[in-house]
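*Asks:* Below you will find the structure I want to go over with you.
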Amino acid sequence: MKRLSLLVLSAALMSMVLAACGAPHMKKIRSAKNTLVGREATLLARCIGDPLDIRDVPGTAGQIYVYSSAQVRSPAGALQATPRPSDAASARACVFEIKVHDGRIIAVDSDNRSGWGFGSIKNCSAVVRRCVGG
């Protein structure tokens, strides 16, 4: 019984440590999602870089700009469209889909394909950090 209590306590402490490490990165991602909406889409080239892909939204004049943490970075830190990431890297990447309509950002969605633990949250926040500072 004592061993079980220690295991539960250890698990609780570990989750608190992991949450504390990820909190600034989650804050940066949320901030980007909130502050980018309504801004001009031209901002994306300056603060993120080149999209990996641009897709038209069927039935609208809108587009979706796709950015991935697996993309190569320029010396200045901007994401580059080429060379394309490997399939293995893409499967574990954090991917942002930014919806644009009439030249303005209307939505920002993210998908962290490797989950939120073990430091992968840093890869997610790195994609948008230049858009929100830091």
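*Asks:* I need the full set of residues from region 58-73 which are under 18 Å from Cys94 (Cα atoms), of a type in the set (Gly, Ala, Ser) and assigned to a loop (DSSP other than H, G, I, E, B), in order please.
*Replies:* Residues satisfying the conditions are Ser69, Ala70.
*Asks:* Now for a separate question. Give the residue, chosen from Phe96, Phe118, that is hydrophobic (A, V, I, L, M, F, W, C) and modelled with pLDDT under 90.
*Replies:* Checking each option against the conditions leaves just Phe118.
*Asks:* Give the residue, chosen from Gly59, Gly77, Gly103, that is surrounded by fewer than 15 Cβ atoms within 10 Å (Cβ to Cβ) and within 22 Å of Pro24 (Cβ to Cβ).
*Replies:* Gly77
*Asks:* Name the single residue that is farthest from the chain's Cα centre (by Cα) among those in region 24-57 being assigned to a loop (DSSP other than H, G, I, E, B) and closer than 18 Å to Ile106 by Cβ.
*Replies:* Val57
*Asks:* OK, next. Write out, first by first residue and then by second, each pair whose Cβ atoms fall under 7 Å of each other, whose residues are 6+ apart or on separate chains, and whose first residue, in region 33-54, is under 12 Å from Val128 (Cα atoms) while the second is of a type outside the set (Lys, Arg) and part of a helix (DSSP H, G or I).
*Replies:* Going by the 7 Å Cβ cut-off, the qualifying pairs are Thr35/Val132; Leu36/Cys131; Cys47/Cys131; Ile48/Val127; Ile48/Val128; Ile48/Cys131.
*Asks:* Going through region 86-105 one residue at a time, which ones are in contact with a Ser or Thr (Cβ under 6 Å, 6 or more places away or on another chain), of a type outside the set (Lys, Arg) and either more than 29 Å from Gly38 (Cβ to Cβ) or not in a strand (DSSP E or B) (or both)?
*Replies:* The answer is Ala93, and nothing else.
*Asks:* While we're on this one: Scan region 75-85 residue by residue and report those that are in a loop (DSSP other than H, G, I, E, B), touching an Asp or Glu at 6+ places or on another chain (Cβ under 9 Å) and either closer than 14 Å to Asp53 by Cα or of a type in the set (S, T, N, Q) (or both).
*Replies:* Gln80, Ala81, Thr82
The values are calculated or read from the model by the stated rules, or taken from the named source; none is laboratory data. Nothing here was measured: the structure is a model prediction, and the numbers come from that model. No Cβ is skipped: glycine too gets one built from the backbone with ideal geometry, and neighbour counts run over all protein chains shown.
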